[in-house]
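Asks: Take this structure first; my questions come after.
The values are calculated or read from the model by the stated rules, or taken from the named source; none is laboratory data. Here the structure is a predicted model, which means the values were calculated and not measured. Backbone-built Cβ (ideal geometry, glycine too); neighbour counts: all protein chains shown.
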Amino acid sequence: MHDADPRRNMKFWCIDCKSTHEPTKEHPLCDFSSGSPHLHRMPADIYFEYRGWRFTPPFFCMACGIEVCWHQWAFSRSCGACDVSNSRTARVAYRKCFAGPHTKLADHSEKRGDITEDWFLDPAKRFEYPILNPERDRRFRKDDPIGSTKVLRRA
């Protein structure tokens, strides 16, 4: 970590040690931790098997295509923003997903519900897909009856 980084002297939860301490060379700050920064090393030979495929690093959110921490990917295969309902960042859904390096397993079976090759999209091309549920302007307008200040009274 760079000397000028304000997080350098802060203590974070370390997944490896199960305690809090400052980042070290052996236990660096996770580059992809959003919301809750944490420390850990990624095992060199890590992979995950999911729906007939073996996924290897780097791991990408299947809904919006950003790179995510391997701990987060193991839990939900998505980033924190896409992990909640009504996501403001998701770009694809329903038989499409972004994926990093992957190989088909020998026991892959479409009858069992495994993902087919045509579902996978290149994360580098994620900006070609519009956000499914963009943030909306939430300010009240004068012509909006819900934002009206009039009080209705019964006669």
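Asks: Can you confirm whether the stretch 76-93 contains a residue that is at positive phi and out of contact with any strand residue (DSSP E or B) (no Cβ under 8 Å at 6 or more places or on another chain)? Write out each step before concluding.
Replies: Just the residues of the stretch 76-93 that are at positive phi, to begin with: 77, 86.
Restricting the remaining residues to those that are out of contact with any strand residue (DSSP E or B) (no Cβ under 8 Å at 6 or more places or on another chain) gives 86.
Scanning the stretch 76-93 turns up at least one residue that is at positive phi and out of contact with any strand residue (DSSP E or B) (no Cβ under 8 Å at 6 or more places or on another chain).
Asks: Of all residues being of a type in the set (D, E, K, R) and free of Cβ contacts under 8 Å to residues at least 40 places away in the same chain in the stretch 84-109, which is farthest from GLU135 (Cα to Cα)? Just the residue, please.
Replies: Step one: of the stretch 84-109, the residues of a type in the set (D, E, K, R) are 88, 91, 95-96, 104, 107.
Within this subset, residues satisfying the condition of being free of Cβ contacts under 8 Å to residues at least 40 places away in the same chain are 95-96.
On the way: ARG95: 24, LYS96: 22 Å.
By that ranking, first place goes to ARG95.
Asks: Since ARG91 meets every condition but one in (1) within 12 Å of the chain's Cα centre (by Cα); (2) modelled with pLDDT of 85 or more; (3) surrounded by fewer than 16 Cβ atoms within 10 Å (Cβ to Cβ), which condition does it not meet?
Replies: Of the numbered conditions (1) within 12 Å of the chain's Cα centre (by Cα); (2) modelled with pLDDT of 85 or more; (3) surrounded by fewer than 16 Cβ atoms within 10 Å (Cβ to Cβ), the odd one out for ARG91 is (3).
Asks: Exactly one of (1) buried (at least 17 other Cβ atoms within 10 Å of the Cβ); (2) at negative phi is unmet by GLY65. Its number?
Replies: (2)
Asks: Filter the stretch 68-83 down to the residues that are surrounded by 23 or more Cβ atoms within 10 Å (Cβ to Cβ) and touching a residue at least 24 places away in the same chain (Cβ under 8 Å), then identify the one that is farthest from LYS104 (Cα to Cα).
Replies: In this case the residue turns out to be CYS79.
Asks: Within the group PHE120, PHE55, which residue is at pLDDT 90 or above and touching an Asp or Glu at 6+ places or on another chain (Cβ under 9 Å)?
Replies: None of the others qualify; the one that does is PHE55.
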